[in-house]
1. Residue 45 to residue 12: extension gain in nm, 0.36 nm per residue of separation minus the Cα-Cα distance?
2. If you plug each phi of region 46-61 into the Karplus form 6.51 cos²θ - 1.76 cosθ + 1.60 with θ = phi - 60°, what whole-Hz ³J(HN,Hα) values come out, in order, with x for Gly and Pro?
3. Residue by residue through region 74-88, what is 3J(HN,Hα) from phi via Karplus (6.51 cos²θ - 1.76 cosθ + 1.60, θ = phi - 60°)? Round to whole Hz and write x for glycine and proline.
4. Could you tell me the calculated FRET efficiency between residue 153 and residue 22, based on Cβ-Cβ distance and R0 = 41 angstrom, to the nearest 0.05?
5. Cβ under 11 Å from residue 142's Cβ, residue 142 left aside: what net charge do those residues give with Lys, Arg +1 and Asp, Glu -1?
6. Which value in nm describes the separation of the simple spin-label points at residue 60 and residue 36, placed 7 Å from the Cα toward the beta carbon?
7. Most exposed first by the Cβ proxy, i.e. fewest other Cβ within 10 Å, how do 11, 3 rank?
8. What is the sum of charges, Lys and Arg at +1 and Asp and Glu at -1, for the other residues whose Cβ falls under 14 Å from the Cβ of residue 119?
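Just so you know, all these numbers are worked out from the coordinates, no wet-lab data involved. Treat the numbers as computed from the prediction; the structure is a model and nothing was measured. Quick reminder, even Gly has a Cβ in these numbers, built from the backbone with ideal geometry, and neighbours come from all protein chains shown.
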Amino acid sequence: MALPLLSAEALAPFATLLRAKDNAFTTFPAVLEPGDVPGRHDFSILCPSPVEGPTVSIAWLERHAHSTQSFVPLRVGRWIVLVAPNLADGLPDIAGARAFIAGPQDAICIHRNVWHAGLTVLDGPAEVGMMMWRADAGDDGIVATLDAPIVLTV
């Protein structure tokens with residue numbers, strides 16, 4: 001699957017593209033939406049190493065039942081956003097998966113319960129801010145190992 005560039009319209013069923021409108025102060029309430037269980041907001045800085053080669057294999061997806069999850073690039077080149085809807089049984093709908101190339105200007109807020117790949121960067125070491133609700137019970141993420149990896153051409 002060759003990847004298109006990220007757009008707000010294509011991403012809308014799964015996540016919100018976080019961009020200021022007309023150079024104005026713009027707020028995004030979903031980023032700070034409290035979870036539906038006791039917990040707290042958490043802000044972390046992730047420092048993933050880049051993947052190399054013309055293809056990327058995604059072997060698992062995750063979703064967060066209690067929280068949105070936002071990624072805000074601090075220092076990054078291109079990175080991958082892969083999202084998928086839920087099947088009736090709650091597993092990821094691989095046939096409905098969408099993948100995009102994001103850039104250093106692309107901050108996103110993934111909707112609650114949307115399957116997505118882990119942070120995957122392409123052009124060099126990166127620093128990306130991540131914010132989400134951390135449940136006190138520790139059940140923040142559900143991981144699905146895929147029967148066959150999703151192979152993306154970058």
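1. Values: separation 33, 0.36 × 33 = 11.88 nm, distance 2.46 nm.
Taking 0.36 nm per residue and subtracting the Cα distance, the gain is 9.4 nm.
2. 9, 10, x, 7, x, 8, 10, x, x, 10, 10, 9, 9, 9, 8, 10
3. In residue order, the calculated couplings are 9, 8, 7, x, 7, 8, 9, 10, 10, 10, 8, x, 8, 7, 4 Hz.
4. Computed FRET efficiency for residue 153 and residue 22 comes out at 0.70.
5. -2
6. Modelled inter-label distance: 2.4 nm.
7. Working: 11 21, 3 18.
Listed from fewest to most nearby Cβ atoms, that is 3, 11.
8. Numbers: positive: 75, 78; negative: 62, 106, 123, 127.
Overall, the nearby charge balance is -2.
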